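In what follows, a single structure is set out as structure tokens and then discussed.
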Amino acid sequence: MKALIKKFVEAAGPSGFENAVRDLVKAEIAPYVDRIEVDALGSLIAWKGSRQPGGKRVMISAHLDEIGVIATHVDQNGFVRFTPLGAVRPHTCLGGRVIFQNGTRGVIGSERLEDLARTPGFEQMFIDVGAASREDCPVRTGDAGSFDRDFVALSENRLAAKAMDDRIGVAVQVEVIRQLKASPNELVFVFSTQEEVMLRGATTAAYAVDPEIGISIDVTVSGDTPRGIKMETALGKGPAIKVRDAGMISDPRLVRHMCAAAERLGIPVQLEILEGGTTDARAIQTTRAGVPAGCVSIPCRYIHSPSEVLDYQDVINSVKLLVELLGHPIDLQ
Ligand code: CO
Ligand code: ZN
């Protein structure tokens, strides 16, 4: 699965401009699903199987998009000013590199800083694409870019890349689609767009799919770094089953059901209570008259930086857990 992860994380797909990643995913899943559709917001929706006795229509969602930048204007000397797409944190930017949709690469620089103890804001930064003038600059106002960083395995199980959020969820979902042979459920796999800018893709997809159960696959914060956020989650200790985040309280029956499935499989799981951020599951939960929803999270360090780090065994176990969950009736009690 590492080759698949590398392929997905190295692709560029800032929010609203997910087409390249969507094409990659489509090619990987086409032989394994019954029907594929791209909706008006660009989300890829794949149907697999039909509802058997005891089965339900289940929507599973992982987001295609990643945080990025969008050019706001180009000055006389060819420097590109930009604003973030999604929750980019300024302190992760300086010295970083960007690749625009037209293939132009650039380096993020800043104006002279008076106080080095203070992180400059985006208004003090610019992207140097090697142009000498505005006329010479291949980037125009409105062009979107993503961070430019290679995938690397730090050790056998620890993998680092930009856009692990949420290409790791995309890779897990693709692998689940391939491995799942039979299910009593009608499974609708959504590869959503614009998650990082308020869950827009999953919002419309959930309305169209009209599911009875919703599950998202995304990253969550890992609480195991020096003086980091205090959280139960740690790398290598299994998929995290979301109990609560800033946008959702998971259906407690679904949380129990997920924990029981993990126990049957003998794989470790952790419980996630995240204080900031949310996932596509919130959009599913609050669609129409409401849907019982939950989330399988992959613990990840340095989220929304160009080097997000996670543990490969957590990824493998997330696939196993989802294949087990989706391959059986989901009775909530
Ligand atoms: Co994110
Ligand atoms: Zn995400």
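From its DSSP helices (H runs of at least four residues, each -39,500 (n - 2.57)), the chain gives a residue-normalised ellipticity at 222 nm of -7500 deg cm²/dmol. Per residue, the accessible area of the range 64-164 comes to 51 Å², computed with a 1.4 Å probe over protein heavy atoms only. The alpha carbon convex hull volume per residue for the range 273-333 rounds to 131 Å³. According to the square roots a ≥ b ≥ c of the eigenvalues of the Cα gyration tensor, what is the shape class of the range 1-46, taking rounded for a/c under 1.5, prolate for a/b larger than b/c otherwise, and oblate for the remainder? It is oblate, given that a/c is not under 1.5 and a/b is not larger than b/c.
Shown here is the pair-distance distribution of the range 215-296: with all Cα-Cα distances grouped in 10 Å bins from zero up to the longest one, the shares run 19, 49, 27, 5, 0 percent. Once the Cα atoms are used to define both axes, helix 19-29 deviates from the longest principal axis of the chain by about 30 degrees.
For the range 145-291, rounded, prolate or oblate, judged on the Cα gyration tensor with a ≥ b ≥ c (square roots of eigenvalues), a/c < 1.5 rounded, else prolate if a/b > b/c? Cα axes put the range 145-291 in the rounded bin.
Using a cutoff of 8 angstrom between alpha carbon atoms and counting only pairs six or more residues apart, the relative contact order for the chain works out to 23 percent. Around the Cα centre of the chain, unit charges on the Cβ atoms of Lys, Arg, Asp and Glu (plus for the first two, minus for the last two) sum to a dipole of about 640 debye. The accessible surface of the range 68-147, taken with every protein chain in place and a 1.4 Å probe, is 48 percent carbon and sulfur. Measure nothing fancy, just the Cα-based angle from helix 200-209's long axis to the longest principal axis of the chain, in degrees from 0 to 90, nearest 10. That works out to roughly 30 degrees. Ranked from largest, the principal axis spans of the Cα set of the range 77-198 equal 61, 33, 27 Å. If you take the beta carbon distance between residue 110 and residue 227 as r and set R0 to 45 Å, what does 1/(1 + (r/R0)^6) give as a FRET efficiency, to the nearest 0.05? Once the sixth-power term is evaluated, E becomes 0.95. By the Stokes-Einstein formula, at 1.567 mPa s and 4 °C, the range 195-241 with its Kirkwood radius over alpha-carbon pairs has D equal to 97 µm²/s. In summary, the convex hull built on the alpha carbon positions of the chain has an orientation-averaged projected area of 17.1 nm². In the chain, the longest principal axis of the Cα atoms and the axis of helix 312-326 are about 40 degrees apart.
Report in % the part of the accessible area of the range 201-258 that belongs to carbon and sulfur, leaving out ligands and nucleic acids; probe 1.4 Å. Answer for the range 201-258 is 54 percent, counting heavy atoms of protein chains only.
Taking 25 Å as the limit for the C-alpha separation, the pairs 2/162; 162/230; 7/242; 26/320; 26/162; 2/26 exceed it in the case of 7/242. When Rg and the Kirkwood Rh are both derived from Cα coordinates, the Rg/Rh ratio for the range 68-147 amounts to 0.95.
The values are calculated or read from the model by the stated rules, or taken from the named source; none is laboratory data. A quick note: this is a predicted structure, and the numbers were derived from the prediction, not measured. Glycine also receives a Cβ, built like all others from the backbone with ideal geometry; neighbour counts cover every protein chain displayed. The protein model used for the area step is the full one, side chains on, heavy atoms only, and it has no ligands, DNA or RNA in it. Shrake-Rupley method; radii C 1.70, N 1.55, O 1.52, S 1.80 Å.
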